[in-house]
Amino acid sequence: MTLLNSNFDALRDWDNQHFVHPWEGMSDIGANERTFTEGGEGIYVTTEKGERLIDGPAGMWCVQVGYGNTEIADAMAKQAKEMAYFSPFNNTNSTPAKLGREIARRTPGDLNRVFFTTGGSTAVDTALRFVQFRNNVLGRPEKKMVISRQKAYHGSTYLAASVSGKERDKGWMDQATHLTHFLPNVNPYVRSAGQSVDDFLEEKIADLENAILTLGADKVAAFIAEPILCSGGVIVPPKGYHKRCLEICHKHDVLYISDEVVTGFGRLGHWFASEEVFDIVPDIITCAKGMTSGYAPMGACIISDRLIDSVSGAHSQDAVFSNGFTYSGHPVSAAAALKNMEIIEREGILEHVRKVAPVFEARLKSLGDLPLVDDTRGQGLVGCVECVADASADNTLDVEKSIGAMIDAHCQENGLILRPIIGMCVFSPPLIISEDQIHQMFDILEDGIRKTTDDLTRQGVEIK
């Protein structure tokens, strides 16, 4: 790898001086010591030091078929040579047309209208703008409120961020608060002492219906939900939650948006999780990430025929849905997505995920016996280990913030990258991971947790 011979001290200076990263901490800007990941093969990435590490988060929940896939690279190069770009405002192209058809073949119900975007945030923004647009065309300009959940994450563009419920992301940023309403946390882990999961489920369903009734069904336009709340800590709602929520929404003429930016394209062993895993056919699905396995930026907002029909043709009032992007349906990204889908289908990757998921879930659950671990949760090939030291200490949050980073550091020394979020270790490996590699990943993670426990004990932190 030629870059291993590069001067990484200079590159790190350039990175700190010129590359403003997502979620950049202003107190640390210009002084970060980020790892350079300079190569990749299969489930592994290679750092600037030549370290070969299992990529536990699969990039950012997205590298489904693994790194170094020459088929995708070749498909992108071929498309770039033939037609690198077209204006989606004025023309069309065969590659995104084929991709739209392939996606529609795999979506539930009548979700057949694919609006291509640049990523997950713009897919969610498009969904919300379409909901607003539709109600305007239907003569219901007051029906604009969107209900979401605490801990939900839907993106970082203005509207997508406004319906995201991760509290620490909101401290210094403005949101369209007049358009949003948040329901309490749906994580069974935080239910009241002595409360059964069934009773907790009833409480969460009541949260939604009470909010619609209180706000007014004539004011509430949509409910947006992730099948699994991934960035919020891999929160798996109680069984039956999504189906019950969909029934409440349709009872009150509220649209149901399923945000499958993480769960779509195989993370739970199916093209889309909404119907196959959670038994719902939403009104709108958003997706991105695994759509191209991270080889090129792309997302999509998939809208049902029923919704499109309600504001088109004789019902259109000659309205124009004036939403779109220079790179909507970008042909090189579309070529990457088409080849990615071909590989997933040809190699039986969805079936593979369903086969190895029980091994993944069993190893995840076994970590719950470790002293530092307070909860383990996950489904398919996405999981979270939540670690808590002394929950009664005055500096609990400071300790929790350090725990995830400490575990990640120990794991990286032994060949595994995690995604630390406060005291949570989140991981979603490439879908091609084998059973042996799953065991290796969890062996490293378990060792990292044990070493962190020892570190905290030496620091005088009481382990609960």
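Residues that are closer than 17 Å to Ile248 by Cα and in contact (Cβ under 8 Å) with a residue 60 or more places away in the chain do occur in the range 189-210, at least one of them. Of all residue pairs spaced 6 or more apart or on separate chains, those with beta-carbon atoms under 7 Å, a first member in the range 97-117 that is closer than 15 Å to Thr292 by Cβ and a second member that is surrounded by fewer than 16 Cβ atoms within 10 Å (Cβ to Cβ) are Val114/Ala104.
The rows are residues; the columns are (1) surrounded by fewer than 24 Cβ atoms within 10 Å (Cβ to Cβ); (2) in contact (Cβ under 8 Å) with a residue 60 or more places away in the chain; (3) closer than 21 Å to Val124 by Cβ.
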| site | (1), (2), (3) |
| --- | --- |
| Met298 | no, yes, yes |
| Cys301 | no, yes, yes |
| Arg306 | yes, yes, yes |
| Ser312 | yes, no, no |
| Ser316 | yes, yes, no |
| Asn323 | yes, yes, yes |
| Tyr327 | yes, yes, yes |
| Ala337 | no, yes, yes |
| Ile344 | yes, yes, no |
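For Thr157, are the conditions met, namely being loosely packed, with under 13 Cβ neighbours inside 10 Å, within 28 Å of Gly299 (Cβ to Cβ) and among the β-branched types (Val, Ile, Thr)? In short, no.
Regarding the range 219-227, can at least one residue be identified that is over 14 Å from Phe182 (Cβ atoms), surrounded by fewer than 21 Cβ atoms within 10 Å (Cβ to Cβ) and modelled with pLDDT of 95 or more? Yes, there is a match, as at least one residue in the range 219-227 is over 14 Å from Phe182 (Cβ atoms), surrounded by fewer than 21 Cβ atoms within 10 Å (Cβ to Cβ) and modelled with pLDDT of 95 or more.
Picking from residues in the range 429-452 that are β-branched (Val, Ile, Thr) and closer than 19 Å to Gly290 by Cβ, the one that is surrounded by the fewest Cβ atoms within 10 Å (Cβ to Cβ) is Ile438. When Val197, Val146 are checked against the criterion of being surrounded by fewer than 23 Cβ atoms within 10 Å (Cβ to Cβ) and either under 23 Å from Cys301 (Cβ atoms) or outside the structural domain of Val382 (by TED's automatic domain parsing) (or both), Val197 stands alone in meeting it.
In the set Ile284, Ile235, Ile248, only one residue is crowded, with 24+ Cβ neighbours inside 10 Å, of a type outside the set (Phe, Trp, Tyr) and in contact with a Leu (Cβ under 8 Å, 6 or more places away or on another chain); that residue is Ile284. For beta carbons closer than 6 Å, sequence separation of 6+ or different chains, a first residue in the range 436-459 that is farther than 19 Å from Ser402 by Cα and a second that is of a type outside the set (Ser, Thr, Tyr) and in a helix (DSSP H, G or I), the qualifying pairs are Ile438/Val359; Ile438/Phe360; Phe442/Arg363.
Condition (residue is within 14 Å of the chain's Cα centre (by Cα) and at pLDDT 95 or above) applied to the range 299-312: is it met by at least one residue? The answer is yes; a qualifying residue exists.
Against the numbered list (1) in a helix (DSSP H, G or I); (2) surrounded by 21 or more Cβ atoms within 10 Å (Cβ to Cβ); (3) touching a residue at least 24 places away in the same chain (Cβ under 8 Å), Val426 comes up short only at (1). Within the range 132-146, being more than 13 Å from Asp259 (Cβ to Cβ) and of a type in the set (A, V, I, L, M, F, W, C) holds for Phe133, Val137, Leu138, Met145.
Residues that are charged (D, E, K, R) and free of Cβ contacts under 8 Å to residues at least 24 places away in the same chain within the range 33-47 comprise Glu33, Arg34, listed in sequence order. Checked against (1) closer than 30 Å to His252 by Cα; (2) touching a residue at least 40 places away in the same chain (Cβ under 8 Å); (3) of a type in the set (D, E, K, R), Glu167 meets all criteria but (2). Please tell me if Val359 is closer than 30 Å to Glu435 by Cβ, touching a helix residue (DSSP H, G or I) at 6+ places or on another chain (Cβ under 6 Å) and not assigned by TED's automatic domain parsing to the domain that holds Leu159. Yes, satisfied.
The values are calculated or read from the model by the stated rules, or taken from the named source; none is laboratory data. Remember, predicted model here, so these are calculated numbers, not experimental data. So basically every Cβ, Gly included, is an ideal-geometry build from the backbone, and we count neighbours across all protein chains shown.
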